[in-house]
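Okay, structure first, notes after.
The values are calculated or read from the model by the stated rules, or taken from the named source; none is laboratory data. Since we're looking at a predicted model, the values are computed, not measured. FYI the Cβ positions are ideal-geometry reconstructions off the backbone, even for glycines, and counts take in every protein chain you see.
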Amino acid sequence: MKNAVQVFGPFVGCAGLGMMDAMSKGAAIKPRKTKTMNIHLTLKSSNVKTGPIPVTTSSAETCPNACPFKSGGCYAKGGPLAIHWQAVTLGKRGDSIDILSNQIKSFPVGQVWRHNQAGDLPGIGDNIDTAGLAKLVNANTGRRGFTYTHKPCEGDSPMEKSNRAAVAHANANGFTINLSGNSITHADRLAGLDAGPVVAVVPENTPDTFHTPQGRKGIVCPAQQRDDITCADCQLCSRANRSVIIGFRAHGTSKRKAEAIATA
């Protein structure tokens, strides 16, 4: 497939790093001066690794400064997705979260869909807009939406406590939010929060199954293990009650930067 983008898991934009084949770099993402979220819905993804499920793209304002990939290693800033993401960020594509919520409500019961192939949860920067997230959670009732976040949830600041509670509430109510770890050591800390399932970027040479420093079981994304598996087939990231940590091997044009973060 010509110019096919490969998206493995969460690390896209600030929902994480993501992965893709080597391609020409797209224009840099420049957030609008008006701090307004914009979200685009693609009803049927043509991504070779995601598979034919609905996916969204959120404007770059949603990306938290807490995400280390924001300054290097973010695959969504290169290739065809970067062009689309910039159009969403500039307000040329996409709609408000209210319109998106109504679109989600029209999905068939049981529909698996991915929120954010680029961007993060509702809210500007590090903050989660709890009201906006609640709209997605409610709209997703009966469906199987999943996503990833780098929004800070570990600390004891009011913002971090609010973020952690919002993530836990979403996971308890059917909308799966995977906490994105920068490494397997970071993944252990996130798993200890007991707020939701955890994923992590791992070095390229990581075996298919592995264990974290604290002994938690991990498995490399099945779509990275086999060419005939997609998110639509696997659906592991949509399971909020899983204990296994999913690892996404660093590769592609930014894999050196990603590996440096994963092994720091």
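Could you say whether any residue in the range 20-38 is modelled with pLDDT of 55 or more and surrounded by 18 or more Cβ atoms within 10 Å (Cβ to Cβ)?
Let us first name the residues in the range 20-38 that are modelled with pLDDT of 55 or more, namely 35-38.
Next, only the ones that are surrounded by 18 or more Cβ atoms within 10 Å (Cβ to Cβ) stay: 37-38.
Within the range 20-38, one or more residues are modelled with pLDDT of 55 or more and surrounded by 18 or more Cβ atoms within 10 Å (Cβ to Cβ).
Is it the case, given these coordinates, that Ala82 is part of a helix (DSSP H, G or I), closer than 21 Å to Lys257 by Cα and not β-branched (Val, Ile, Thr)? Considered against the rule, which asks whether it is part of a helix (DSSP H, G or I), closer than 21 Å to Lys257 by Cα and not β-branched (Val, Ile, Thr), Ala82 comes out as yes.
Look through the range 222-251, keep the residues that are in contact with a Leu (Cβ under 9 Å, 6 or more places away or on another chain), farther than 19 Å from Trp113 by Cβ and assigned to a loop (DSSP other than H, G, I, E, B), and return whichever of them is modelled with the lowest pLDDT. This residue is Ala250. Of the residues Ser101, Ser106, the single one that is crowded, with 18+ Cβ neighbours inside 10 Å, free of Cβ contacts under 8 Å to residues at least 40 places away in the same chain and more than 25 Å from Asn182 (Cβ to Cβ) is Ser101.
Arg239 meets each of the listed conditions (1) basic (Lys, Arg); (2) under 13 Å from Gly181 (Cα atoms); (3) out of contact with any helix residue (DSSP H, G or I) (no Cβ under 8 Å at 6 or more places or on another chain) apart from (2). When the range 71-122 is limited to residues that are in contact with a strand residue (DSSP E or B) (Cβ under 8 Å, 6 or more places away or on another chain) and of a type in the set (Phe, Trp, Tyr), the one that is modelled with the lowest pLDDT turns out to be Trp85. When Ala191 is tested against (1) surrounded by fewer than 24 Cβ atoms within 10 Å (Cβ to Cβ); (2) hydrophobic (A, V, I, L, M, F, W, C); (3) in contact with an Asp or Glu (Cβ under 9 Å, 6 or more places away or on another chain), just one condition goes unmet, and that condition is (3). The number of residues in the range 207-221 that are part of a loop (DSSP other than H, G, I, E, B) and not hydrophobic (A, V, I, L, M, F, W, C) comes to 7. In the range 58-78, what residues are surrounded by 23 or more Cβ atoms within 10 Å (Cβ to Cβ) and more than 22 Å from Leu136 (Cβ to Cβ)? Passing the criteria: Phe69, Gly73, Cys74, Tyr75, Lys77. Somewhere in the range 154-168, is a residue in contact with a helix residue (DSSP H, G or I) (Cβ under 8 Å, 6 or more places away or on another chain), more than 26 Å from Ile261 (Cβ to Cβ) and buried (at least 21 other Cβ atoms within 10 Å of the Cβ)? No, the conditions are met nowhere in the range 154-168.
Specify the residue that is nearest to Arg143 (Cα to Cα); the eligible residues are those in the range 202-234 that are surrounded by 16 or more Cβ atoms within 10 Å (Cβ to Cβ) and not hydrophobic (A, V, I, L, M, F, W, C). Step by step, filter the range 202-234, then rank; the result is Thr230. Within the range 211-230, residues that are charged (D, E, K, R) sit with their Cβ atoms under 7 Å from residues that are in a loop (DSSP other than H, G, I, E, B) and surrounded by 12 or more Cβ atoms within 10 Å (Cβ to Cβ), at 6+ positions apart or across chains, in these pairs: Lys217/Val244.
In this structure, does Ile128 turn out to be touching a helix residue (DSSP H, G or I) at 6+ places or on another chain (Cβ under 8 Å), over 30 Å from Thr212 (Cα atoms), at pLDDT 95 or above and of a type in the set (A, V, I, L, M)? No, not satisfied. Looking only at the range 36-61, filter to residues that are under 16 Å from Arg114 (Cα atoms) and hydroxyl-bearing (Ser, Thr, Tyr); which one of those is farthest from the chain's Cα centre (by Cα)? The qualifying residue farthest from the chain's Cα centre (by Cα) is Ser46.
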